[in-house]
DNA sequence: GTCTATATGCCGATAGAC
DNA sequence: GTCTATCGGCATATAGAC
């Protein structure tokens, strides 16, 4: 089987995911990851050139699923962009109530490797947040918002800002404060610059296995 | 000399500050801290019961000076609260241009110890952010804003959200996006709920040795 | 209060067998 | 592709002398 998709490799990434997200990347040794995956350290080093390589694979594996989970929170066409985006912040607050919630894996990785700008984990984290911001921009533009790019940036700031405050205070209600701020920003732009009307309705969605 | 204020103890905290902020707390061993302070490890353990104790002292030492640096960025009575608060975000962007900038030490500590809610570093970080939020509330209330507490929370979210994005993307311009968002939130509240007029003028201020 | 020396264990990474 | 065994180094923390 190809080295990139072997069962063992996937088991190692899954084990790394649980340990790195749960305890922190630098706090977990490769011994623990190998043991959790049920293989020896030597096998881990057959599949990954280094711990840094494993870290990058762990984050890359989270990239699209994380974005997809947020996208599924706000089904297209069932409500206005304002309502759909508000739902994202509300869902963040609910997710943060789970004791296993540890904030955003990408933000935490950037914090852990703040002194290593070229670290592979940093590249994956930056790419993920760019994708997220681009998606926000699409959602806003599709609903007729002007200055969608600038608004999308502000929403990213609010989202990670809420994550940061919740992480620091262990207080999920900061997500609602961020939701209010987002509503204000969108409402304000809506009234002055939005170019077309929106649809109406409600939206559903449940948190997946991942929490970040 | 009292153990809490001895020169050696202060040298150890200063050494820890440079290393922990520069490279991350878990990335730095006590050996490195002791060597940077010019003492042996045994002396470090005379002054601090454990590395966790040293970590807490490192953050506690940053608490009030960090808040004070922000407070000095916006001298009281020289401008409206809107202008003074905008200046904070602009200054964050300037500080982040320094290659030694590594984001917020409290946020990064919370990220590193996300799995240890009772860790002394977490307590210091939470306390610091509470103080910061309370100060924002004072500034807003003193300028006649209604809902100052809710607005102060939103500003904290924007501030740490900007720090997070800058850290992830190495892109200080996110501070300006946050500044615009803050202006919008304040302007909007200003127009609908502010209770009194404000003064006018400009403000000065320079970044200190600390960057967090 | 500071030193030398050490205890004990985990760190990331590798050699070589099968 | 996975194993056993191990390398050299660094982790936090401590014993005991002065």
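What follows is calculated from the coordinates using simple rules that are stated; it is not laboratory data. Only a predicted model underlies this, so the values are computations on that prediction, with no experimental measurement involved. Positions of Cβ are backbone-derived with ideal geometry, glycine not excepted, and every protein chain shown enters the neighbour counts.
With contacts taken as Cα pairs under 8 Å at a separation of at least 6 residues, the stretch A:64-125 carries a relative contact order of 20 percent. Using a 7 Å projection from Cα along Cα-to-Cβ, the label point at residue A:5 is separated from the same position in the remaining copies by 6.8 nm, smallest value first.
Using a Gaussian network model of chain A in which every pair of alpha carbons under 10 angstrom is joined by a spring, one finds that among A:22, A:161, A:38 the greatest mean-square fluctuation is at A:38. Across the stretch A:103-175, C-alpha contacts under 8 Å between residues 6 or more apart give a mean separation that, scaled by the residue count, equals a relative contact order of 27 percent.
Give the relative contact order (percent, whole number) for chain A; include only Cα pairs under 8 Å separated by 6+ residues. Kindly include the intermediate steps, with their values, before the conclusion.
Values: 232 pairs, mean separation 56.8, N = 212.
Computed value for chain A: 27 percent relative contact order.
Other protein chain C-beta atoms within 10 Å of residue C-beta, averaged over B:176-184: 5. Its Cα gyration tensor gives chain B an equivalent ellipsoid. The semi-axes, each the square root of 5 times an eigenvalue, are 36, 17, 16 Å from largest down. Legend: mean number of C-beta atoms from other chains within 10 angstrom of residue C-beta atoms, peptide A:17-25, equals 2. Judged by the gyration tensor of its Cα atoms, with axes a ≥ b ≥ c, the protein assembly as shown is oblate; a/c meets the 1.5 cut and b/c is at least as large as a/b.
Taking label positions 7 Å along the Cα-Cβ direction at both residue B:123 and residue B:6, the computed distance is 2.3 nm, reported to one decimal.
Taking a ≥ b ≥ c as the square roots of the Cα gyration tensor eigenvalues, the stretch B:61-148 comes out oblate, since a/c reaches at least 1.5 and a/b does not exceed b/c. For the rotational copies A and B, the chain A residue with its Cβ nearest the relating axis, together with that separation in Å, is A:161, 1. When chain A is treated as a GNM, springs tying every alpha-carbon pair under 10 Å, which of A:143, A:53, A:17 comes out with the largest mean-square fluctuation? Largest GNM mean-square fluctuation: A:53.
Taken residue by residue and averaged, Cβ atoms of other chains lying within 10 Å of the Cβ of B:26-34 number 1. Of all the options B:23, B:91, B:154, the one that moves most in a Gaussian network model of chain B with Cα springs shorter than 10 angstrom is B:23.
With the label put 7 angstrom out from Cα along the Cα-to-Cβ vector, residue A:131 ends up 4.0 nm from the copy partners, going from closest to farthest.
Please give the FRET efficiency for residue A:97 paired with residue B:61, using the beta carbon to beta carbon distance and R0 = 30 Å, rounded to the nearest 0.05.
Step by step, r from the Cβ atoms, then E = 0.35.
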